[in-house]
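The values are calculated or read from the model by the stated rules, or taken from the named source; none is laboratory data. Everything numeric in this text was worked out from a predicted model, so none of it was measured. Here the Cβ positions follow ideal geometry from the backbone for every residue, glycine too, while neighbour counts run over all protein chains shown.
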Amino acid sequence: MPEKIIADKAAKDSFSSSSAKQKILAFSSLIILLIVFSFASPNFFQSNNLIAIMLATAVNGVLAIGVTFIIITGGIDLSVGTMMTFTAVMAAQFVANWHMPVMVGVLVAIMTGMVCGFLSGVMVAKLKIPPFIATLGMMMLTKGLSLIIAQSKPIYFTESPTFALIAMGSIFSFIESFKIPNAVLIFFALAIVASIILNKTVFGRYTFAIGSNEEAVRLSGVNTDRWKIGVYAFSGAICGIAGIIIASRLNSAQPALGPGYELDAIAAVVIGGTSLSGGEGTILGTVIGAFIMSVLTNGLRILSVPQEWQIVVTGVIIIFAVYVDMLRRKRSK
Amino acid sequence: MTVLIVAMMLVAVTTVAVAQTVYIPLISKGFQHQFWQAVKEGAMQAAKDYKVTITFEGPESEAMVDKQIDMLSAALAKKPAALGFAALDSKAAIPYLKQAQAAKIPVIAFDSGVDSDIPLTTCATDNIAAAALAADMMAKLIGGEGEVAVIVHDQTSRTGIDRRDGFVNRIKEKYPKIKIVSVQYGGGDHLKSTDLAKAIIQANPNLKGFFGANEGSAIGVLNAVKEMGKIGKITVIGYDSGAQQIAAIRSGEMAGAITQNPVGIGYKTVESAVKALKGEKLPKFTDTGFYFYDKSNIDDPKIKAVLYQ
């Protein structure tokens, strides 16, 4: 019984008004960005460009959803980018090199991600290796394995044309003006499912509870290690979905891709108001965070802002987002 | 709020900057390496000469194929007059290039080019001709006869194949008294190339010349010659630049090297785009030039501008 109370309380905390405020803040920032860029360039608010933005958000958004769960437990995952690549390479190995059906490739990618995540989870929960180090190791491990399996060359899906349709086709293709690629639809669908899991299931409640006060949860008789490993494995499976999307989009598995993507994902999570100290966060916030990053990048490109300055501006936005979040936290106390 | 302020500032800055001129975005394979900065410099020079506006963008690493595609897609959204593109992965970019073709935007490929017939021309180093020049210089330096060896970075990439064939074929055609005793592949890795070169020197005690076909291979050859105490006995010719190679050429340990002309790559790309917009017919391949540099001309401003540390 007490464990239930703690978990419930932790979950309730995360829905306090301050969290809602942050969400509104992030959302209005996104709207403001959209409006400003639309006025600044007639080429911005075009259906082609908006679809391009959504497509550019999909991979980072999916990764960020997985990372949100881990960050809510108070952990961090530096391996999501290369893990994503590893799952893509594994899928390519089965589909392109061994000529298995596309569906097998999808399952292989998700399973691979889950196994890698599970291993990270065991390192963190059982071996007590700090998440930063454990996932740093996993990052290098998956990076190396990707290069080994792919022999440091891209693997192309030229013989299975259906694979490209997973991300780049559209189930709405019958409506001429509504050709949103499947990659985007997968991203949105995953966001809804992840949100339900986080807010309405025991799994989600323990995710929050572990992040709020792991010791208290453990002392009330919950096997926190097992739930933690579960969170890492779940996040790994989501990396597998991202791996499928990126491989399908590029019609190939690019084994050297991945480093840098984990930081984009963490940035999206943080901009979306999830606290790096754990116990707090929302999927909607993360989705908005991922969109803020891609709208910003795309908009600055459309405005022909020099690339060096694009990076500076993105950095400034991230710092401000976290600072505002901290102010809010202080005030709510 | 802060987002708003930053965004407003940027709008203010850029609306001033973007005047109504012909706009040509260049999407490259990178941007922060000195090589790409030199390409950018050349492109900006051409933009000034031909009075067009350019932007130059590339992903942070050559593995980020999807980021490059996003850049390409944003560039096309701006409805450019023409487009310069150096593909990281040609296959992934094809749908967007088709989109450009459909919108009648001329595409100019640069550096390694694009594996497609959509680009009107490819502005790049003629590696075959450049390696042939290395062969001519080698023949001159060793007196037209003797044994030479070659270390190439790989046998699969376009540059590897072209540089190997350019060198080997020129020797075979023009210098019958020179014998190529060995051609080996070191992956461009300093250490591996060193070991390979040492084995070759060991096996061929009369070796008079050694050609390293990229920076890593050249350094490997140089290390081997040093370690085997053959400085002065074996003539080393390298490729590209980099601090180590430049130092070796200054000290005379290396006879000289071929350098590509990244400034020329950028310049010719923009120039070709302008020509395409005027309706001029372009050749399938535009050579962007290369130089042989040694101790005597390393400080020549023209050479200095294209060398990187």
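One table, with the values for the structure above:
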| item | result |
| --- | --- |
| Residues of segment A:141-156 satisfying the condition of being under 14 Å from A:T87 (Cβ atoms) and either surrounded by fewer than 13 Cβ atoms within 10 Å (Cβ to Cβ) or among the aromatic types (F, W, Y) (or both) | none |
| Any hit, segment B:154-173, residues being in contact (Cβ under 8 Å) with a residue 12 or more places away in the chain, closer than 22 Å to B:A247 by Cβ, among the aliphatic types (A, V, I, L, M) and not in a loop (DSSP other than H, G, I, E, B) | no |
| Of all residues in segment B:41-79 being more than 10 Å from every other protein chain (Cβ to nearest Cβ) and assigned to a loop (DSSP other than H, G, I, E, B), the one that is surrounded by the most Cβ atoms within 10 Å (Cβ to Cβ) | B:V52 |
| Any chance B:L191 is aliphatic (A, V, I, L, M), over 22 Å from the mean Cα position of the chain (by Cα) and assigned to a helix (DSSP H, G or I) | yes |
| Test: A:G258 is buried (at least 24 other Cβ atoms within 10 Å of the Cβ) and in contact with a Gly (Cβ under 8 Å, 6 or more places away or on another chain) | yes |
| Tally of residues being surrounded by 18 or more Cβ atoms within 10 Å (Cβ to Cβ) and within 17 Å of B:S90 (Cα to Cα) across segment A:157-176 | 2 |
| Qualifying positions in segment B:151-184 - at pLDDT below 90 and surrounded by 15 or more Cβ atoms within 10 Å (Cβ to Cβ) | B:H153, B:D154, B:T159, B:G160, B:I161 |
| A:S252 of a type outside the set (F, W, Y), over 19 Å from the mean Cα position of the chain (by Cα) and within 14 Å of another protein chain (Cβ to nearest Cβ) | yes |
| Test: B:G144 is surrounded by 21 or more Cβ atoms within 10 Å (Cβ to Cβ) and in a loop (DSSP other than H, G, I, E, B) | no |
| Residue match in segment A:169-184 (condition: touching a Gly at 6+ places or on another chain (Cβ under 6 Å) and at pLDDT 95 or above) | no |
| Of all residues in segment B:224-239 being crowded, with 20+ Cβ neighbours inside 10 Å and not aliphatic (A, V, I, L, M), the one that is farthest from the chain's Cα centre (by Cα) | B:T235 |
